[in-house]
Structure formats: C-alpha cells, structure tokens
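See structure below.
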Amino acid sequence: TGVYNSTPGFWNYTTMRDVNNLIVYNNIGSYTGSNDWGFEVVCTNGVISSIGGNNNLVPNEIGSFVLSGHGEKADWLQKNARLGMSVEINMADKSVHLTYDEYSAISGMELEIKSLWDDFNASKDRFDNIDYTAVEAAIKKLEADVQTAKDKFDEDGDTQALSDAMTKFNADAQDVAL
C-alpha cells in the first residue's frame, strides 16, 4: 500500500457524456442517464463505493457523486479507480483526485465483503443451488481476517501485515462461490 494519488481533468457537471469526457454527476437521488459506451464509478461521501456499469444512481448522501467516463477517460477510470479510494473534486481546476492508502485498502475490503453479503442474500432469495453454510462461513472468515488486519494496522502501523492480508483476501474472496 502507501499513498497513491492520480488526477485527471473532467469536462463538466451533470451533463451529457461525450467522446473522451469525464463527467461528474452530482444530482443526488438521480440516475446519470448514460449509455452503455462508457464506465462509471459511484462515490458515497467521497469514497468509491461501486465500480462499473452505466446509468448509476447518485447516492442520496451529501457529498456523493458518480464519475462517468467515455473513451480515454473510461479507460483511465478502469485502470485507476479502486473500491475504498477517497475522491476529491476540485471545481476550480476541474480535477478529480483519487487517493489510495492503507485506510482505502481496508475500506475496499469492507465494501467487497458487503457486496458478498448482498450477493449471498440475493442467492438465498432466488433459492440458488449453493452451499449456503459454506458460503456464509467463508464470508464470516473474510470479515474476521479483515478485522484482524485492521486492528493490527491500527495498533502498530504494520503495513506489511496489511499488504499480506490484502493479498490473502483477494485470493480468498475469489473462492466464495455465489
């Protein structure tokens, strides 16, 4: 981990996305209305909470927005945006600042676990043919592992243990069969 900061320019606010543009949609509670030829990142309270798709809902929380890219800007978002990153928008110079640090990594793992729980509950609602007991146990183990890594980092700032936990988390999360 460590601090990683990346900054692109953006074109405008809450307007039609055009070729190679990055648009910031900030009308909370509204959909972006974008087409399939781009890529979006949802930011809730200044943190990337969802990655991918189009026509995303701008979260209802104050300070939330959707970054919507087309062409080069969509490629930039796909390459640089990660769950849990903090995002700042500078209206004066029309820049977007993505920052990834140890806390972003922890937040990203917590958001991924939330997504796994959402998928698990949707599978239950659909009566999918999966081993519910095994999947639930796997998600709970991921939660415990992330909490242990978070506690260790908070206690002594051990970035290597956090990095190791992230590597293990990424491998283990792929094994959760939903």
Nearest-10 value in Å² for the accessible area of GLU61, using the 1.4 Å probe: 80 Å²
Once you've got the Cα coordinates, tell me which of LYS79/LYS124; LYS73/LYS114; LYS79/LYS168; LYS94/LYS114; LYS94/LYS168 are over 30 Å apart. LYS79/LYS124; LYS94/LYS114; LYS94/LYS168
Relative contact order in percent for the chain (Cα pairs under 8 Å, 6+ apart) equals 19 percent
Tell me, what ³J(HN,Hα) does each residue in the stretch 144-150 have, in order and in whole Hz, if you take phi through Karplus 6.51 cos²θ - 1.76 cosθ + 1.60 with θ = phi - 60° and put x for Gly and Pro? 5, 5, 5, 4, 4, 5, 5
Hydrodynamic calc, the stretch 35-136: Kirkwood Rh from Cα pairs, then Stokes-Einstein at 4 °C with viscosity 1.567 mPa s, so D in µm² s⁻¹ is 86 µm²/s
Whole-number Å³ per residue for the convex hull built on Cα positions in the stretch 20-89: 68 Å³
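Tell me the relative contact order for the stretch 60-101 as a rounded percent, counting alpha carbon contacts under 8 Å between residues six or more apart.
Reported relative contact order: 26 percent.
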How many nm is it between the label spots at ILE28 and THR159, if each spot is 7 Å from the Cα in line with the beta carbon? 3.4 nm
Before I look further, what does the chain give for accessible area per residue, probe 1.4 Å, in whole square angstrom? 55 Å²
Rg over Rh of the stretch 119-169, using C-alpha atoms and the Kirkwood radius, what does it come to? 1.18
Given the Cα-Cα distance of GLU72 and LYS152 and 0.36 nm per residue of separation, how much length would full extension add, in nm? 24.9 nm
Which percent of Cα pairs goes in each bin when the distances of the chain are cut into 5 angstrom slices starting at zero? 1, 8, 16, 17, 16, 14, 13, 9, 4, 1, 0
Taking placed amide H atoms and a strict 5 Å upper bound, the residues 5 or more places from TYR31 or on another chain that come that close are VAL58
Helix 159-175 sits off the longest principal axis of the Cα atoms of the chain, rounded to the nearest 10 on a 0 to 90 degree scale, by 80 degrees
What list of ³J(HN,Hα) couplings, whole Hz, do you get for the stretch 107-113 from phi and the Karplus terms 6.51, -1.76, 1.60, once you set θ to phi - 60° and write x for glycine and proline? 4, x, 5, 5, 5, 5, 4
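The values are calculated or read from the model by the stated rules, or taken from the named source; none is laboratory data. This structure is a prediction, so every number in the text was calculated from the model and none was measured. A quick note on method: Cβ atoms are made from the backbone with ideal geometry, for glycine too, and the neighbour counts reach across all protein chains shown. The protein model used for the area step is the full one, side chains on, heavy atoms only, and it has no ligands, DNA or RNA in it. Shrake-Rupley method; radii C 1.70, N 1.55, O 1.52, S 1.80 Å.
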